[in-house]
Structures are given as structure tokens and as C-alpha cells.
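The values are calculated or read from the model by the stated rules, or taken from the named source; none is laboratory data. Worth saying up front: this structure is predicted, and the values here are computed from it rather than measured. Please note: Cβ atoms are built from the backbone with ideal geometry, for glycine as well, and neighbour counts cover all protein chains shown.
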Amino acid sequence: MKYHRYYEKFMKMELKQSIVKIPEYSNFSEYYPYIAESIRLKRIIKRLENKLKSEKVRSSKFKINRELDLTKTKLKKNNLLKRLHGESKQEAIFQRRYKIQSSRMRFSTLAGKYPKKLSQKIRKLWGKLRRLIHKNLPPSLFNLRELNTAEKGLALREWLQEKRKKIR
């Protein structure tokens with residue numbers, strides 16, 4: 001939970017600010033060194049891409065492109081190391097939670113800005129979205145307490161068969 005807050009803080013920071021100077025970065029990098037390096041390299045790539053867009057001189061564009069290519073290769077190597085050490089799964093969890101959290105924040109600001117009728121419509125849409133997400137889950141995972149073990153296996157097999165039919 002603590003490291004998730006750090007990850008969220010890093011993602012919300014502006015590109016101009018340096019992540020390395022923040023004390024949370026050192027704590028995060030001790031526990032998740034490859035995720036921290038990945039965040040740092042991605043921010044460098046974004047900065048270089050923004051710089052490349054605004055640059056007009058061809059020679060400096062060439063230098064920026066070369067630096068961009070070097071950082072992208074470093075990022076690829078870091079991604080391999082991240083997968084090797086098992087941090088890619090944890091980063092996926094961080095990203096998922098960050099996206100859910102940011103969408104909730106956007107939803108709450110939208111619901112607060114608009115009149116009651118519109119905010120009720122937004123809440124209904126949010127409920128439909130949640131139901132759709134749960135609809136894609138197997139019934140045995142969604143209703144664990146309601147079914148005994150034999151029924152769970154049968155329900156799971158039926159769900160898998162229905163999914164296969166939809167895919168075909």
C-alpha cells in the first residue's frame with residue numbers, strides 16, 4: 001500500500017520535476033529498483049520527445065533522436081531485467097490501481113460539477129460498467145459463497161464453453 005502511493009505520486013508529477021531528488025524515490029528504488037528505473041527512463045523519453053517536437057534545428061534534432069534511441073534501448077534492457085526479477089507483475093498491479101484510482105477521481109469530479117440528474121445518469125453508467133466488468137468474471141469467482149464445490153466446477157465449465165462459443 002505504501003509503495004502504491006509512491007507510484008501514484010511519481011505518475012502525477014510534472015515532467016519538469018526530477019524524480020530522483022524526492023526522498024520517496026530512494027525508498028521505492030530500494031524495494032523495486034527496476035520499476036523505479038523504468039519510471040525514470042519513461043519520464044526521460046517523454047521529456048526528449050517533447051523537446052524534439054519543439055526543436056527546429058536539424059543538428060540538435062539528430063542529437064535528441066540519438067539520445068532518445070539510447071534511452072529506449074536502456075528501457076528495453078530494464079524491462080527484461082524487470083521481467084526476470086518478477087517486478088513486471090507488480091508494476092502491472094500498480095498501473096491497474098493507478099488507472100482505477102484516477103478514473104474514480106475523474107468520475108467524482110464530474111458527478112460533483114453537474115446537476116443532480118446528470119450526476120445520477122453518470123452513477124447509473126458507472127454501475128453498468130461495473131456490472132460489465134463482473135460479467136466477464138467466471139461465475140464461480142463472482143459467487144463463491146453461494147455454490148458448493150461440485151456446482152462451482154459445473155458453473156465454471158459452462159462459463160468456459162459459453163466464452164469459447166462467443167470467441168468463435
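Tabulated results
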{"quantity": "LYS113 vs. criteria closer than 30 Å to TYR7 by Cα, among the charged types (D, E, K, R) and at pLDDT 70 or above", "calculated": "no"}
{"quantity": "Residue match in the stretch 82-100 (condition: modelled with pLDDT of 75 or more and on the phi > 0 side of the Ramachandran plot)", "calculated": "yes"}
{"quantity": "Test: residue in the stretch 126-148 that is more than 27 Å from the chain's Cα centre (by Cα), in a helix (DSSP H, G or I) and either surrounded by 10 or more Cβ atoms within 10 Å (Cβ to Cβ) or modelled with pLDDT of 65 or more (or both)", "calculated": "no"}
{"quantity": "Matching entry among LEU48, LEU41, LEU68, LEU52 (being under 17 Å from the mean Cα position of the chain (by Cα), part of a helix (DSSP H, G or I), surrounded by 12 or more Cβ atoms within 10 Å (Cβ to Cβ) and modelled with pLDDT of 90 or more)", "calculated": "LEU41"}
{"quantity": "Residues of the stretch 37-83 classified as touching a residue at least 12 places away in the same chain (Cβ under 8 Å) and either under 22 Å from TYR3 (Cα atoms) or of a type in the set (Lys, Arg) (or both), total", "calculated": "18"}
{"quantity": "In the stretch 55-64, residue modelled with the highest pLDDT [restricted to those that are surrounded by fewer than 14 Cβ atoms within 10 Å (Cβ to Cβ) and not hydrophobic (A, V, I, L, M, F, W, C)]", "calculated": "LYS63"}
{"quantity": "Residues satisfying the stated conditions in the stretch 63-95, i.e. out of contact with any helix residue (DSSP H, G or I) (no Cβ under 7 Å at 6 or more places or on another chain) and basic (Lys, Arg)", "calculated": "LYS63, ARG66, LYS76, LYS77, ARG83, LYS89"}
